[in-house]
Amino acid sequence: MDETVIELKAADLTLGTAASAVHVLKGIDLSVGKGTSNGITGPSGSGKSTLLMVLAGLERLDRGELHIAGQALHDADEDTLAAFRGRNIGIVFQSFHLIPNMTAIENVAVPLELANVPDAFSIARKELEAVGLGERLDHYPGQLSGGEQQRVAIARALAPSPTLLIADEPTGNLDGETGRQIADLIFSKQAERSMTLVLVTHDPALAARCQRQIRIRSGQIVDAGV
């Protein structure tokens, strides 16, 4: 039996308060095996990205349990959660989330330094070279194309050698050809490093590249893909 990396049990989350409250996740159960690629699809507003943010430890559940790599995160304090995320979870966002006044190598190295990782800049250089940006280390985000910025974001996500790689619409801000190149990069790195990948996408072709497709509607899993 495959080792389980993600175990989500009876996950419930409401965002907003009073009249603006929205019940986003409704008793979700989900298990994800180690080293697998998993695509989450569903209509806009179905809870896909919120589920991803829960798995990343960026949203806290109201009720339920979340275990990642054997660690209980649902009742962890913020410091424990942040430290665990820094070591074990890489995140790639649709809009890159690079720091504009830092170079490519600084964007990758600084999170490592904050996590007290030795040789942060050596690791950052290696990761940027691995995503094809060895000649762009000292360029700022504003000097890079969208595809190059996403490559920096991928290098940053991969730098801590995470157990889990999370991607939220990673090709959503890119043209078709660049998006395909970024998808190729993500899947090749996931396979090369035997990471677990969970990505949210509206693109059926991108979802189809995953070993498993999980469909969500109205805050509930309607097809677990197994």
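The values are calculated or read from the model by the stated rules, or taken from the named source; none is laboratory data. None of the values given here were measured: they were computed from a predicted structure. When we count neighbours, we look across all protein chains shown, and the Cβ atoms used for this are built from the backbone with ideal geometry, even at glycine. Ligands, DNA and RNA are excluded from the accessible area calculation, which covers all protein heavy atoms including side chains. Shrake-Rupley method; radii C 1.70, N 1.55, O 1.52, S 1.80 Å.
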key: Normalised contact order of the stretch 132-196, rounded percent, pairs of Cα under 8 Å and 6 or more residues apart   = 32
The stretch 40-87: relative contact order in percent, alpha carbon pairs under 8 Å with at least 6 residues between = 24
message = No solvent, one uniform scatterer per C-alpha: report log10 I(q)/I(0) for the stretch 90-226 via the Debye equation at q = 0.13, 0.15 1/Å, two decimals.
response = -0.55, -0.71
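Which loop-located GluC sites (Glu not before Pro) does the stretch 101-172 contain, where loop means any DSSP state but H, G, I, E or B and the Cβ has at most 15 other Cβ atoms within 10 Å?
On the way: sites: GLU106, GLU113, GLU127, GLU129, GLU135, GLU148; in loops: GLU135.
Passing both the DSSP loop test and the Cβ count: GLU135.
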message = So if I restrict to the alpha-carbon atoms in the stretch 1-110, what is the Rg, and what is Dmax, the biggest pairwise distance, in Å?
response = 15.5, 47
task = Can you tell me the relative contact order of the chain? Whole percent, Cα pairs under 8 Å, sequence separation 6 or more.
result = 29
request  = Round to the nearest 10 and give me the degree value, 0 to 90, for the angle of helix 176-193's Cα axis relative to the longest principal axis of the chain.
outcome  = 80
task = Using 0.36 nm per residue of separation minus the Cα-Cα distance, give me the extension gain between TYR140 and GLN71 in nm, one decimal.
result = 21.2 nm
Partners for LYS126 among lysines (Cα-Cα distance below 27 Å; same-chain residues under 8 apart left out) = LYS34, LYS189
note = Restricting to lysines and to Cα separations under 20 Å from LYS48, and discarding same-chain partners fewer than 8 apart, the set is LYS9, LYS26
message = Between helix 104-114 and the chain, what is the angle of the helix's C-alpha long axis to the longest principal axis, kept within 0 to 90° and rounded to the nearest 10?
response = 60
task = Show that you can apply the helix-only estimate: for the chain, add -39,500 (n - 2.57) for every DSSP H stretch of four or more residues, divide by all residues, and state [θ] at 222 nm to the nearest 500.
result = -10500 deg cm²/dmol
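Considering only protein heavy atoms and a probe of 1.4 Å, how much of the accessible area of the chain is carbon and sulfur, as a whole percent?
Taking all protein chains in place, the chain shows 48 percent carbon and sulfur surface.
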ask   = Tilt of helix 120-130 relative to the longest C-alpha principal axis of the chain, in degrees (0 to 90, nearest 10)?
value = 90
